[in-house]
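Single-structure report; data block below.
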Amino acid sequence: MFLHEIIIAGFGGQGILSAGRLLAYAGMLEERQVSFLPSYGPEMRGGTANCMVVISEEAIASPVLNSCSALIVMNNPSLEKFESWLKPGGVLIADSSMVHKKPERKDINLFEIPATELASEMGNKTYSNIYLLGKLIKVTGCVTPENFEKALYGILSKSKHQMIPEEMEVLRAGMDY
Amino acid sequence: MGQKLLMKGNEVIAEAAIRAGCRHYFGYPITPQTEIMHYMAKRMPAVGGVFLQAESEVAAINMVYGAASTGHRVMTSSSSPGISLKQEGISYIAGAQLPAVIVNIMRGGPGLGGIQPSQSDYFQATKGGGHGDYHMVVLAPASVQELYELTVEAFNIADRYRIMTMILGDGVLGQMMEVVNFRDEEKIETFDKSWAANGHDNKREHNMITSIHLDPAVLEQWNIGLQNKYKLISQNEQRYELYNCDDAEIILVAYGSVARICKGVIREAAEQGIKLGLLRPITLFPFPTDAFDKVLDIPKAFLTVEMSSGQMVEDVRLTIEGRKPVYFVGRMGGMIPTVKDIMSKVKEIKEKHD
């Protein structure tokens with residue numbers, strides 16, 4: 001069954017929630033069932049932020065996850081909190097520019113990518129989330145890059161559309177890393 | 001065709017209200033429902049409506065009383081502590097028999113509590129948090145699409161019975177995004193509003209909207225009228241979903257976002273060879289007693305799951321009247337019951353009854 005239960009976690013300001021919304025939007029464009037649940041409240045204001053995204057071929061039971069098939073972490077506390085949530089065989093993508101701890105799990109597929117550094121080298125470190133999403137899309141097939149691009153156009157305000165080609169370049173770099 | 005959008009629950013409530021013809025919104029911000037206000041602030045002026053951030057929740061609910069008195073569709077929204085502040089106004093609106101819609105996106109209590117999702121205002125919503133013998137109609141959506149459908153319906157029910165209707169959600173529902181399919185055009189039902197105090201131009205007797213009746217005989221008659229209305233609503237407006245109940249060993253009873261978690265539990269249990277069903281009340285008042293009549297003979301037991309210490313479970317027990325065992329599992333304070341929490345209770349019940 002096509003079912004992706006994804007958690008993205010890091011600091012507020014790293015584009016955690018935007019990344020989740022983009023995935024959900026792209027999933028919708030693929031006629032999947034989607035849900036997006038952000039953390040809210042004080043944790044968003046400078047603390048840790050996370051979101052849960054489900055992309056499924058069947059009606060989604062719960063948008064609240066207790067485990068996940070894929071996890072993107074962008075800081076140490078997020079790795080500590082969510083590592084145990086990954087299902088065996090699940091995908092863990094860590095921004096190794098920010099996450100200096102090593103995961104303990106041996107039964108998962110680990111991808112360590114210095115995304116913040118690589119995105120800065122490409123001109124904009126705030127695209128680190130996109131870099132990591134590239135890997136996620138490539139490894140899990142949860143959405144296609146084509147629909148991801150459409151999601152960027154769908155979600156970003158018109159004044160930011162000029163940035164999309166650059167973001168897509170970062171996404172492809174992430175896919176190829 | 002309609003319009004398919006990925007939207008946040010809170011925003012869908014606001015958009016649905018506008019589509020249903022609501023042109024007056026009065027509120028005061030509080031997490032986790034503030035996006036309703038944001039959306040109203042942006043959209044209301046564009047549709048020629050009134051958005052007003054009141055100086056307090058108490059002011060907002062009394063503005064609702066005023067706008068409703070003129071026969072216009074009006075809404076307010078808040079979260080648990082703010083809803084407590086509005087209780088006096090709610091009682092007055094019930095007493096004056098005014099149609100209005102109120103949204104409670106619940107968070108953990110008591111007191112200021114926290115901001116994470118909860119269902120601990122069930123008693124307050126269904127049994128009357130204010131004084132007097134009154135009820136609101138209470139609707140409990142479980143998805144973003146249902147937030148749309150039921151918000152529109154809340155306005156129709158309010159007008160049909162001249163009653164306050166509450167949308168009772170929680171932080172999960174308010175904050176989550178799902179796909180919503182909006183109809184191209186909303187069919188707005190119209191109702192007789194000849195009771196409204198909207199100016200009589202000396203052409204008719206003036207209408208009086210009040211909740212004060214100092215003669216006890218008159219007040220009793222007024223109350224009998226209210227009770228008759230609640231009976232009629234109980235007959236006509238019960239809504240529920242029965243899911244997987246046909247040969248269930250245990251039927252879970254849950255509403256709102258917890259019902260969604262229960263659907264996940266049902267799938268997981270099926271993989272382990274355990275047959276579970278779900279009875280999901282969509283109206284909490286009127287409580288869907290008809291649904292229990294339909295499935296009473298099927299399971300060995302009922303298990304109520306809530307984000308509270310066990311509030312709706314009291315209505316489940318009152319409805320079942322000891323004819324089947326009723327169990328409870330829940331979390332409090334903003335903690336969400338996990339699949340594991342519920343499954344371990346299911347196994348405990350199974351051991352007892354197998």
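Charge tally for B:S308 (other residues, Cβ to Cβ under 11 Å; Lys, Arg +1; Asp, Glu -1): -3.
What you get for region A:3-176, charging only the Cβ of Lys and Arg (+1) and of Asp and Glu (-1), is a dipole of about 300 debye around the Cα centre.
Spacing of the modelled spin labels on A:R172 and B:T70, each 7 Å from Cα toward Cβ, amounts to 5.8 nm. Residues in region B:200-211 carry Karplus couplings, in order, of 10, 6, 6, 9, 8, 4, 6, 7, 10, 10, 7, 10 Hz; the curve used is 6.51 cos²θ - 1.76 cosθ + 1.60 with θ = phi - 60°, and Gly or Pro positions show x. Exposure proxy for B:Y255, B:Y39, B:Y122: other Cβ atoms within 10 Å of each Cβ, ordered fewest to most, give B:Y39, B:Y122, B:Y255.
Percent of Cα-Cα pairs more than 33 Å apart in the protein assembly as shown, please.
On the way: 62562 of 140715 pairs.
Of all Cα-Cα pairs in the protein assembly as shown, 44 percent lie more than 33 Å apart.
I need the peptides A:117-130, B:77-90, B:210-223 ranked by packing, meaning the mean over residues of other C-beta atoms within 10 angstrom, with the highest value on top. Could you put the intermediate results ahead of the total?
Numbers: A:117-130: 19.0, B:77-90: 22.9, B:210-223: 11.4.
Per-residue mean Cβ counts within 10 Å order the peptides as B:77-90, A:117-130, B:210-223.
Shape call for region A:123-164 from the C-alpha gyration tensor, a ≥ b ≥ c root eigenvalues: rounded (a/c under 1.5), prolate (a/b greater than b/c) or oblate? It comes out oblate by the Cα gyration axes.
For region B:266-302, the residues whose amide N sits under 11 Å from a probe point set 7 Å from the Cα of A:M1 along the beta carbon direction are B:266-271. Of the DSSP H helices in chain B, those that are both long (alpha-carbon extent of 27 Å or more along the helix axis) and hydrophobic (Kyte-Doolittle mean at least -1.0) are B:216-236.
Please name which of A:L110, A:T126, A:F148 has its Cα lying farthest along the dipole of chain A towards the positive end, using unit charges on Cβ (Lys, Arg +1; Asp, Glu -1) and the Cα centre as origin. Farthest along the dipole direction, towards plus: A:T126.
For region A:3-176, the Cα gyration tensor yields ellipsoid semi-axes of 21, 20, 16 Å (square root of five times each eigenvalue, largest first, whole Å). Given charges of +1 on the Cβ of Lys and Arg and -1 on the Cβ of Asp and Glu, with all other atoms neutral, how large is the dipole of the protein assembly as shown about its Cα centre, in debye to the nearest 20? The dipole magnitude comes to about 300 debye. Counting Lys and Arg as +1 and Asp and Glu as -1 over every other residue whose Cβ lies under 13 Å from the Cβ of B:S79, the net charge comes to -2. Fully extending the segment from B:E348 to B:N207 would add 44.8 nm, taking 0.36 nm per residue of separation and subtracting the current Cα-Cα distance.
In summary, the lysines within cross-link reach of B:K352, defined as a Cα separation below 30 angstrom excluding same-chain residues under 8 places away, comprise B:K263, B:K275, B:K294, B:K300, B:K324, B:K340. Residues A:M52, A:M1, arranged from fewest to most other Cβ atoms within 10 angstrom of their Cβ, appear as A:M1, A:M52. Plainly put, chain B has a radius of gyration that is 0.99 times its Kirkwood radius, both from alpha-carbon atoms, as the Rg/Rh ratio. In chain B, Cα pairs under 8 Å separated by at least six residues give a relative contact order of 18 percent.
So for region B:106-181, what percent of the C-alpha to C-alpha distances run longer than 15 Å? Above the 15 Å cut-off, region B:106-181 has 60 percent of its Cα pairs. Between the alpha-carbon centres of region B:144-163 and region A:132-172 there is a gap of 38 Å.
Every number here is computed from the coordinates shown, using simple stated rules; none is lab data. In this text, all values refer to a predicted model and were calculated from it rather than measured experimentally. For neighbour counting, all protein chains shown are included, and Cβ atoms are generated from backbone atoms with ideal geometry for every residue, glycine included.
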